[in-house]
Amino acid sequence: MNLKKCAIIGCGFVGASIAFSLLESGLFSEMVLIDINKDKAEGEAMDLSHAIPFGRPMKIYAGDYSDLKDCYLVIITAGGIQKPGQSRLDLVNTNINILKGIVPNIIKYNTDGILLVVSNPVDVLTYVTWKLSGFPSERVIGSGTVLDTARLKYLLGEHFGIDSRSIHAFIIGEHGDSELAVWSSANVSGLDLKDFCNLCGKCENSQTLKNLYQDVKNSAYEVIKRKGSTYYAIAMAVRRIVEAIVRNEHSVLPVSCYIDSHYGISDLYLGIPAIVGEKGIEKVIDIPLDESEKNALISSAQILKKVINDTGF
């Protein structure tokens with residue numbers, strides 16, 4: 001595997017934004033763009049290549065699946081666009097059919113790389129990608145709730161008037177309507193979130209945090225309603241995951257990873273904190289949950305399990 005080579009399959013708003021983010025990152029020296037619309041892939045490659053003089057040397061080109069043969073990381077963004085009024089789960093059958101055309105072509109040329117799924121519904125599609133590919137589960141990863149967690153940190157930072165990077169909290173479960181905020185272990189630089197609320201005096205009651213959680217859960221819908229789709233923030237979330245992989249950071253991120261006997265949940269991909277490094281998922285971490293959080297996570301898992309069962313996978 002060429003550790004300095006990545007591929008992006010799907011050159012829509014999300015794929016192109018990820019490509020731009022990775023161009024700026026300097027993590028790779030070669031990037032291949034693949035799209036069913038070859039002209040679109042070529043146009044994005046040309047546009048991105050014209051920015052190279054302002055950054056680091058890089059080879060960016062539109063290619064086909066044969067170009068994946070030595071590719072370390074393959075990012076899958078292809079899929080239908082979530083429309084106003086749709087949930088992520090509404091996209092499932094359309095995007096599974098798209099994956100059925102993509103994954104066999106990937107493994108025809110590459111069985112040793114890491115697959116990073118971004119297409120929605122990401123937890124279901126990551127599971128399907130794992131099944132179709134036959135890859136070890138640690139090398140099939142979904143973007144999970146990394147973006148949702150960032151949204152939570154941002155909104156808490158805005159509410160408290162502090163740097164969001166000082167806030168440590170997770171959104172876990174489905175990347176979607178059944179996701180949950182883990183308030184029981186949330187903290188501000190080591191200070192329990194409830195204690196910080198008492199200190200700052202900005203949380204009138206428990207409903208304040210519940211409202212913030214609702215804002216996180218509905219963030220994508222609000223963006224889609226205003227501009228049609230979301231792509232900048234997910235591009236940065238994917239860049240963060242990719243950094244952890246390429247730099248072998250052993251970072252803890254709430255990616256969509258294979259769950260087997262965690263919290264009583266098995267045979268499912270779900271957004272759960274995991275240690276991420278150069279070989280993919282190193283270890284899934286069972287962070288402490290209170291009883292209500294554990295029940296909410298199990299409920300989220302059951303929703304995803306039913307969707308997967310209904311698809312025949």
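The values are calculated or read from the model by the stated rules, or taken from the named source; none is laboratory data. Quick caveat, the model's predicted, so the values are computed rather than measured. Here the Cβ positions follow ideal geometry from the backbone for every residue, glycine too, while neighbour counts run over all protein chains shown.
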| Per-region count, region 193-220, residues outside any helix (DSSP H, G or I) and surrounded by fewer than 15 Cβ atoms within 10 Å (Cβ to Cβ) | 5
| request: Filter region 83-114 down to the residues that are of a type in the set (Ser, Thr, Tyr) and closer than 22 Å to THR311 by Cα, then identify the one that is surrounded by the fewest Cβ atoms within 10 Å (Cβ to Cβ). | output: THR94
| request: Test GLY176 against the criterion of being buried (at least 22 other Cβ atoms within 10 Å of the Cβ) and either under 15 Å from the mean Cα position of the chain (by Cα) or assigned to a helix (DSSP H, G or I) (or both), and give yes or no. | output: yes
| Any chance GLY144 is modelled with pLDDT under 95 and under 12 Å from the mean Cα position of the chain (by Cα) | no
| query | If you check VAL223, VAL252, which single one turns out to be of a type in the set (Val, Ile, Thr), surrounded by 13 or more Cβ atoms within 10 Å (Cβ to Cβ) and over 30 Å from PHE135 (Cα atoms)? | reply | VAL223
| task | Name, by its number, the condition in (1) under 27 Å from PHE313 (Cβ atoms); (2) surrounded by fewer than 21 Cβ atoms within 10 Å (Cβ to Cβ); (3) touching a Lys or Arg at 6+ places or on another chain (Cβ under 7 Å); (4) of a type outside the set (A, V, I, L, M) that does not hold for GLY80. | result | (3)
| field | Scan of region 216-231 for residues that are of a type in the set (Gly, Ala, Ser) and over 16 Å from GLY80 (Cα atoms), ordered by number | value | SER219
| field | Hey, GLU158 in the same structural domain as SER266 (by TED's automatic domain parsing) and buried (at least 24 other Cβ atoms within 10 Å of the Cβ) or not | value | no
| Given the conditions (1) outside any helix (DSSP H, G or I); (2) in the same structural domain as ALA19 (by TED's automatic domain parsing); (3) out of contact with any strand residue (DSSP E or B) (no Cβ under 6 Å at 6 or more places or on another chain), which single one is not true for LYS131? | (1)
| Pairs where the first residue, in region 88-107, is more than 17 Å from VAL118 (Cβ to Cβ) and the second is part of a helix (DSSP H, G or I) and not polar (S, T, N, Q), C-beta under 6 Å, 6+ apart | ASN105/TYR65
